[in-house]
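First comes the structure, then the notes that go with it.
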Amino acid sequence: THQRMWPKLPLGATITDFVFRESNQEYILVELERSTLPLFRQDGHPTAEFTHAQGQIVDWKRYIEDNLQTVQRELGLTGITSNPNGLVVIGRSQSLLPENHRKLQTMSNQSPKLRIMTYDDVYENAKAVFENLLGPIWDTGGKTQIYYPSS
């Protein structure tokens, strides 16, 4: 649902995976990690990769806070605020235990401007948007067919 996208945008010494501008003019800083990475260790604590991904978003936000006018002017992110939204996409939902789902919810409540999604979440959200626009998708064993209503 974005209006514009910037891949590999340099923010200081680091480079984003993506920056999106939504239709409401809000910006989202996106960090992608591999779908094969777990979010939590056996002991329930976040993995190093998950923590690193969250840290990337924090570093980008800090850079934007310190260089807001430069980011707006030189990178073309007109109207970006000093505290944009962040999104980390990592892992798969099937690897999460029920207590991990609950922990993710608590983490989201603590940092409402940072969203954590698995690749399964991204797929389900995209599917819902698509179905809201065009109607149901039927799974036909890997040969998905889309039927458009006749005019």
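At 0.36 nm per residue, and after removing the present C-alpha to C-alpha distance, how many nm does the segment from residue 134 to residue 26 gain when stretched out fully?
Values: separation 108, 0.36 × 108 = 38.88 nm, distance 2.58 nm.
Length gained, residue 134 through residue 26: 36.3 nm.
Only Lys, Arg, Asp and Glu count, each charged at its Cβ (+1, +1, -1, -1), so figure out the dipole size of the chain about its Cα centre, rounded to 20 debye. Don't skip to the answer; put the middle values down first.
Numbers: 15 positive and 17 negative charges, 19 e Å.
Roughly 100 debye for the chain.
Quick check on region 1-143: of the DSSP beta bridges with both residues there, what percent are antiparallel, nearest 5%?
Values: 12 of 21 bridges.
Close to 55 percent.
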Inter-site label distance for residue 49 and residue 6 at 7 Å from Cα along Cβ, in nm:
2.8
For residue 113, which aspartates and glutamates qualify as cross-link partners when the Cα separation must be under 15 Å and same-chain residues fewer than eight apart are set aside?
22, 26, 31, 59, 65
Using modelled backbone amide H atoms (1.01 Å from N, in-plane), which distant-in-sequence or interchain residues come within less than 5 Å of residue 16's amide H?
9, 11
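Just round it to a whole percent: the fraction of Cα-Cα distances in region 1-44 exceeding 13 Å. Display every interim value, and only then the final one.
Details: 602 of 946 pairs.
Summing the P(r) of region 1-44 above 13 Å gives 64 percent of all pairs.
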Set of aspartates and glutamates with alpha-carbon distance to residue 127 below 17 Å, sequence-local pairs under 8 removed:
139
With equal scatterers on the alpha carbons only and no solvent term, can you work out the Debye log10 of I(q)/I(0) for the chain at 0.11 1/Å?
-0.52
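I'd like the carbon and sulfur percentage of the solvent accessible area for region 3-49, probe radius 1.4 Å, heavy atoms only, ligands and nucleic acids excluded.
Details: 1460 of 2730 Å².
The computed percentage sits at 53.
Using 0.36 nm per residue of separation minus the Cα-Cα distance, give me the extension gain between residue 93 and residue 42 in nm, one decimal. The partial results should precede the final answer.
Values: separation 51, 0.36 × 51 = 18.36 nm, distance 1.55 nm.
Once the chain is fully extended between residue 93 and residue 42, it gains 16.8 nm.
The values are calculated or read from the model by the stated rules, or taken from the named source; none is laboratory data. Only a predicted model underlies this, so the values are computations on that prediction, with no experimental measurement involved. Neighbour counts are summed over all protein chains in view; Cβ atoms, including those assigned to glycine, are modelled from backbone coordinates with ideal geometry. The protein model used for the area step is the full one, side chains on, heavy atoms only, and it has no ligands, DNA or RNA in it. Shrake-Rupley method; radii C 1.70, N 1.55, O 1.52, S 1.80 Å.
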